[in-house]
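Here is the structure we will look at.
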Amino acid sequence: MLNYEKTPVGSVAGTAPDFRGNDGSLVSVLRTLLFFTILMITLPIGLYFASKSFLFEAFLGYSNNDSYFYAAIVAVLAVHVVLALFVYVAWNEGSRQQREGKQD
């Protein structure tokens with residue numbers, strides 16, 4: 001006869017891991033994501049209008065059409081900086097969580 005072991009339902013091998021006990025890291029990840037989402041929306045738009053009005057038109061004296069072009073370049077560079085910062089923070093956050101997990 002075959003011998004079947006009786007195991008509790010929650011401890012069946014192959015079930016999805018339970019991440020409810022790890023709420024601190026989930027909140028940290030969501031806070032980081034929310035911060036960079038807000039930064040991604042506000043920084044390029046703010047830099048576009050600020051650089052167009054103050055830097056290129058008022059300070060440097062560029063024409064209206066030229067200031068559109070250069071302000072767009074500033075906004076695109078801001079997007080790239082925010083994306084690079086997000087990747088850097090996410091990479092370090094993942095490695096920090098791995099180090100904390102290995103020490104236990």
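The values are calculated or read from the model by the stated rules, or taken from the named source; none is laboratory data. Just so you know, these numbers come straight off a predicted model, no measurement behind them. Every residue, glycine as well, gets a Cβ built from its backbone with ideal geometry; the counts of neighbours run over all protein chains shown.
Odds and ends about this structure:
- Cβ-Cβ distances below 6 Å connect the following pairs, each with a first residue in region 40-64 that is touching a residue at least 40 places away in the same chain (Cβ under 8 Å), a second residue that is β-branched (Val, Ile, Thr) and crowded, with 16+ Cβ neighbours inside 10 Å, and a separation of six or more residues or different chains: Met40/Val82.
- Flag if Met1 is among the aliphatic types (A, V, I, L, M) and modelled with pLDDT of 95 or more: no
Per-residue answers, yes or no, for (1) hydroxyl-bearing (Ser, Thr, Tyr); (2) touching a Cys at 6+ places or on another chain (Cβ under 6 Å); (3) modelled with pLDDT under 95:
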| residue | (1), (2), (3) |
| --- | --- |
| Asp23 | no, no, yes |
| Val29 | no, no, yes |
| Leu34 | no, no, no |
| Lys52 | no, no, no |
| Asn65 | no, no, yes |
| Phe69 | no, no, no |
| Leu77 | no, no, no |
| Ala84 | no, no, no |
| Ser95 | yes, no, yes |
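- Restricting region 40-72 to residues that are hydrophobic (A, V, I, L, M, F, W, C) and within 30 Å of Val29 (Cα to Cα), the residue that is surrounded by the most Cβ atoms within 10 Å (Cβ to Cβ) is Leu47.
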